[in-house]
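Below is one structure, written out as structure tokens; comments come after it.
The values are calculated or read from the model by the stated rules, or taken from the named source; none is laboratory data. Just so it is clear, the structure is predicted and the values come from calculations on it, not from any experiment. Every residue, glycine among them, receives a Cβ derived from its backbone with ideal geometry; neighbour counts consider all protein chains shown. Just so you know, the surface numbers come from the protein's heavy atoms only, side chains and all, with ligands and any DNA or RNA stripped out. Shrake-Rupley method; radii C 1.70, N 1.55, O 1.52, S 1.80 Å.
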Amino acid sequence: RTTGCEAVLLNTAGGVTGGDRFANTVDADPGTTVTVTTQTAERIYRSTGEDGRVGNILTLGVGARLDWLPQETILFDRARLRRSLTVEMAEDATLLAIEPLVLGRAAMGETVARGFLSDQWRVRRGGVLAYADAMRLDGDIAEVTAAPASMGGGIACAALVYIAPDAEDRIDTVRTALGEDGGVSAWNGLIAARIVAKDGARLRAVLIRTVATLRPGPLPRVWFS
């Protein structure tokens, strides 16, 4: 089991829709271990035109570890979301962060034909930009995600980044855990991976086994409830 603080975020609004504004700020003090997850999947509902906005800001002190492990974000048809993850971390801190995305609820027969998603990541390590990533889906999402160079017809994907003194030593283990469901690269003390899956259940299974290789304990209990 991991030691330290575990926080579970709860959206009492039941989801995000156009015009909503949400912000989360997490500080991991020097030498602490913090895990942050969500109670359940976050739902991004249909918008009449405005964007929903979610801003997440993480700060890691000297020798701190922060695992940002939200459950899936489910994008509904004609949803609109702008989300950002901004991290300031000490040179020797450890960050593990994921953002899983599922397009609609397959069990309910839902499909996502159109909508908008902008997901921006910026991570500064020791005051220097160490990692930047951007994902954008706009307009005909079904057509975009059907392309082989995109999601190849899958409806689930995730981004993962691990920044730590031992990050580059972990690449072979992570590559084995991902199997054929993702790709991973390592450079300058970090690992970055992309996962694409046919559905949310497959994505979750890949994340569970991959994250387990990068932290000293299992995923938070709410992932299994």
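Points to keep in mind about this one:
Quick grid of which residues meet (1) among the β-branched types (Val, Ile, Thr); (2) under 17 Å from residue 95 (Cβ atoms):
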position	(1), (2)
17	yes, no
28	no, yes
43	no, no
53	no, no
70	no, yes
75	no, no
81	no, no
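- Qualifying residue in segment 60-73 (condition: at pLDDT 95 or above, hydrophobic (A, V, I, L, M, F, W, C) and part of a loop (DSSP other than H, G, I, E, B)): yes
Table: residues versus (1) in contact with a Phe, Trp or Tyr (Cβ under 6 Å, 6 or more places away or on another chain); (2) modelled with pLDDT of 95 or more; (3) over 13 Å from residue 219 (Cα atoms).
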residue: 3; (1), (2), (3): no, no, no
residue: 9; (1), (2), (3): no, yes, yes
residue: 26; (1), (2), (3): no, yes, yes
residue: 29; (1), (2), (3): no, yes, yes
residue: 37; (1), (2), (3): no, yes, no
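- Selected residue [in contact (Cβ under 8 Å) with a residue 60 or more places away in the chain and either under 22 Å from residue 141 (Cα atoms) or among the β-branched types (Val, Ile, Thr) (or both)] from 41, 93, 97, 113: 41
- Residue within segment 1-16 that is among the acidic types (Asp, Glu), open to solvent by 70 Å² or more (accessible area, probe 1.4 Å), under 17 Å from residue 96 (Cβ atoms) and in contact (Cβ under 8 Å) with a residue 40 or more places away in the chain present: yes
- When 139, 153 are screened for being more than 19 Å from the chain's Cα centre (by Cα) and either on the phi < 0 side of the Ramachandran plot or outside any loop (DSSP other than H, G, I, E, B) (or both), only 139 passes.
- All told, residue 175 falls short of being free of Cβ contacts under 8 Å to residues at least 12 places away in the same chain, surrounded by fewer than 15 Cβ atoms within 10 Å (Cβ to Cβ) and basic (Lys, Arg).
- Scanning segment 41-67 for residues that are within 18 Å of the chain's Cα centre (by Cα) and not aliphatic (A, V, I, L, M) yields 42, 43, 52, 53, 55, 56, 59, 65, 67.
- All of (1) modelled with pLDDT under 95; (2) part of a strand (DSSP E or B) hold for residue 18 with one exception: (2).
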